[in-house]
Amino acid sequence: MMINNNGDLVLNNDALSSNRAFLFGDAVFETMKVVDGKILFLEDHYFRLMASMRIIRMEIPMNFTMEFFEEEVLKTVRTNKVDESSRARITVYRNSGGLYTPKTNSVSYIIAVNSLADKLFQVSNKSYEVDLFKDFFVAKHLLSTLKTTNKLLNIVGSVFAQENDLQNCLLLNDSKNVVEALNGNIFMLLQGQLITPPLTEGCLNGILRKQILKIAKKLDDISVVELPISPFDLQKADELFITNSIIGIQPISKYRKKEYGQELSNLLVEKLNNLAAI
């Protein structure tokens, strides 16, 4: 069978034209940091991947243990000679066949890696300005908490940020509350409370979100709560920062006319590096 690829009639390439990740976004993924041959927060990444596969009714291969997951990632890292510090992504997709209704729930996976400059999580002192992205909204349901390849909202939001000379945007859910950033979870320090939206708001069930909650609960003079964040709260906050598995913590320096400090961000990233034993 021939297909039309940008005007050229070529033999059908099943890897592209029949891949359900390409056709329907029928895939989940994990992005993790690897330092000196160690996957940081391996257990959390593994169990989140397994939970995501179960939620979207994928079959989990019998050999897909945490040890298998770890060895396949590290094998790819070693082969590409990026052992010192790298970003690894494993994408699990449902195998070809069917339209919206798949012919099988069996899966395949792809692992890709690239080198990172730093072993340690760093806190940048550079200006980092954000604004709200209000063209589309995050739905308040379980699928929004998963890392799937359905990321059009994040892509369009990133284009909006680029067009407006912003470093990032904050996403709203269908209740008009702040849910997360384009590439990570959001935290707000307000009057001695460290606040992040609960998963019921539709935010990503982030690995670094979990670690920061764990660390912050041990700090003196700060209470940690999971509560909805209104856009109006942002103007009153003392600090705002974004978390994800690669950057660690990214302080926000400016939202509209409000500027923020990063004292807590500096403290948390130091403790995060200790927790990760980097």
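The values are calculated or read from the model by the stated rules, or taken from the named source; none is laboratory data. Everything numeric in this text was worked out from a predicted model, so none of it was measured. Here Cβ is always computed from backbone atoms with ideal geometry, including for glycine, and neighbour counts include all displayed protein chains.
Worth a mention:
- Qualifying positions in region 210-237 - surrounded by fewer than 16 Cβ atoms within 10 Å (Cβ to Cβ), in contact with a helix residue (DSSP H, G or I) (Cβ under 7 Å, 6 or more places away or on another chain) and not aliphatic (A, V, I, L, M): LYS210
- Residue list for region 193-218, restricted to those being over 19 Å from the mean Cα position of the chain (by Cα) and either outside the structural domain of ASN150 (by TED's automatic domain parsing) or assigned to a loop (DSSP other than H, G, I, E, B) (or both): LYS217, LYS218
- Tallying residues that are buried (at least 17 other Cβ atoms within 10 Å of the Cβ) and on the phi > 0 side of the Ramachandran plot within region 192-209 yields 1.
- Residues that are within 23 Å of LEU208 (Cα to Cα) and either aliphatic (A, V, I, L, M) or in a strand (DSSP E or B) (or both) are absent from region 3-13 altogether.
- Tally of residues being outside any strand (DSSP E or B) and touching an Asp or Glu at 6+ places or on another chain (Cβ under 8 Å) across region 219-276: 9
- Out of LEU190, LEU99, LEU166, sole residue that is within 28 Å of ASN266 (Cβ to Cβ) and either free of Cβ contacts under 8 Å to residues at least 40 places away in the same chain or not assigned by TED's automatic domain parsing to the domain that holds PHE241 (or both): LEU166
- Screening LEU42 with (1) among the aliphatic types (A, V, I, L, M); (2) without any contact (Cβ under 8 Å) to a residue 24 or more places away in the chain; (3) within 27 Å of GLY184 (Cα to Cα) gives one miss only, at (2).
- Long-range neighbours under 7 Å by Cβ, at least six apart or interchain, first residue more than 19 Å from ALA21 (Cα to Cα) within region 102-116, second small (Gly, Ala, Ser) and assigned to a strand (DSSP E or B): ASN114/SER86; SER115/SER85; SER115/SER86; LEU116/SER85; LEU116/SER86
- Tally of residues being among the polar types (S, T, N, Q), part of a helix (DSSP H, G or I) and either surrounded by fewer than 18 Cβ atoms within 10 Å (Cβ to Cβ) or touching a Pro at 6+ places or on another chain (Cβ under 6 Å) (or both) across region 73-125: 1
Condition check ((1) modelled with pLDDT under 95; (2) crowded, with 18+ Cβ neighbours inside 10 Å; (3) among the hydroxyl-bearing types (Ser, Thr, Tyr); (4) assigned to a helix (DSSP H, G or I)) across all residues:
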residue: LEU23; (1), (2), (3), (4): yes, no, no, yes
residue: VAL28; (1), (2), (3), (4): no, yes, no, no
residue: THR31; (1), (2), (3), (4): no, no, yes, no
residue: VAL34; (1), (2), (3), (4): no, yes, no, no
residue: HIS45; (1), (2), (3), (4): no, yes, no, yes
residue: LEU49; (1), (2), (3), (4): no, yes, no, yes
residue: MET53; (1), (2), (3), (4): no, yes, no, yes
residue: PRO61; (1), (2), (3), (4): no, no, no, no
